[in-house]
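One structure below.
What follows is calculated from the coordinates using simple rules that are stated; it is not laboratory data. Remember, predicted model here, so these are calculated numbers, not experimental data. Backbone-built Cβ (ideal geometry, glycine too); neighbour counts: all protein chains shown.
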Amino acid sequence: MKRAFSLIELMIVVMIMGVVYTLSISAIGRSGSAASNVTLANLKEYMLSLEYEKNVKILCLDACERCDILLDGAKHETIEKLLDKSVKTYRYEFLQGVHEVKYELYFNAEDSEEDVCFSYSIDKQGVGEQVLVEYKNAVYDFTPFFVPTLKYASLNEAVDAKEKLIQEVQK
C-alpha cells in the first residue's frame, strides 16, 4: 500500500508556510525603521542596542534638524526631527549644582565649522555621559546606568531627585 499526503495536509502545510513568510517579511520591514521611532526617552537604550567597538555617539548639528548616529566615529544613520534648537543639556555635580553644557566646535568632512546643538555618547563599557536634557517641558535623566532614562516634569524636580538619592547614599 502506497502512502501519500492528502490534499488537506498539503493545504495546511502551504498555509503554515504563508503565515511564516508573512510574519518574517513584516518583521524585516519593522527592523529597517527602528531609527524612526527614537525619542529622548528611549535614545540611550537604542544606542546601547547598536553594535560598536569603541563608542556610539549621536551628534545633532546646526538647528538640530537632523542627528547623525556615529559608530566608532563613522556615520551609521541619520535620525530626522528628533530634536529642535530648544534642547538644553545640563550636568549635575553634587558640590556645584547644575550647569549648562557648552559643546565643542565640530568640523565636518569639508573642514567647515558647524554648531553642535546636541551630543551624547556611550563608551564600549556601556557608560554614557552623565547629563540631564531639557526638551519640550520635560527633563530626561541620562545618568542612571542600569535603568532606562528617567523623565521629570522640570529641572528642579530632577535636581531634587538627585539630591534625595545622594542623601540616601550618605545614610
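Say a site is exposed when it is one of the chymotrypsin sites (Phe, Trp or Tyr not before Pro), sits in a DSSP loop, and has at most 14 other Cβ atoms within 10 Å; what is then the longest site-free stretch of the chain? If you can, show how the numbers build up before the last one.
Details: sites that count: 5, 94, 103, 145, 146.
The longest uninterrupted stretch comes out as 6-93.
Over the stretch 37-170, the Kirkwood radius and the radius of gyration, each from Cα atoms, give a ratio Rg/Rh of 0.97. GNM, the chain, Cα, under 10 Å: largest mean-square fluctuation among 19, 139, 38? Its mean-square fluctuation being the largest, the pick is 19.
Using the 10 angstrom Cβ neighbour count as an exposure proxy, how do 143, 78 rank, fewest first?
Details: 143 17, 78 11.
With the fewest neighbours first, 143, 78 line up as 78, 143.
Can you give the charge dipole size of the stretch 1-135 about its Cα centre, rounded to the nearest 20 debye, using +1 on the beta carbon of Lys and Arg and -1 on the beta carbon of Asp and Glu? Before the final figure, lay out each step's value.
Values: 14 positive and 22 negative charges, 216 e Å.
With only Lys, Arg, Asp and Glu charged at Cβ, the dipole is about 1040 debye.
Which lysines have a Cα lying under 23 Å from the Cα of residue 162, excluding residues fewer than 8 positions away in the same chain? Within the straight-line limit of under 23 Å, residue 162 reaches these lysines: 44, 88, 102, 136, 151, 171.
With loop membership from DSSP and a limit of 10 other Cβ atoms within 10 Å, the longest segment of the chain without GluC sites (Glu not before Pro) is 111-171.
Relative contact order for the chain: 18 percent, from Cα pairs under 8 Å spaced at least 6 residues apart, divided by residue count.
Dipole orientation for the stretch 37-170: of the candidates 70, 156, 131, 156 has the Cα lying most toward the positive pole (charges on Cβ; Lys, Arg +1; Asp, Glu -1).
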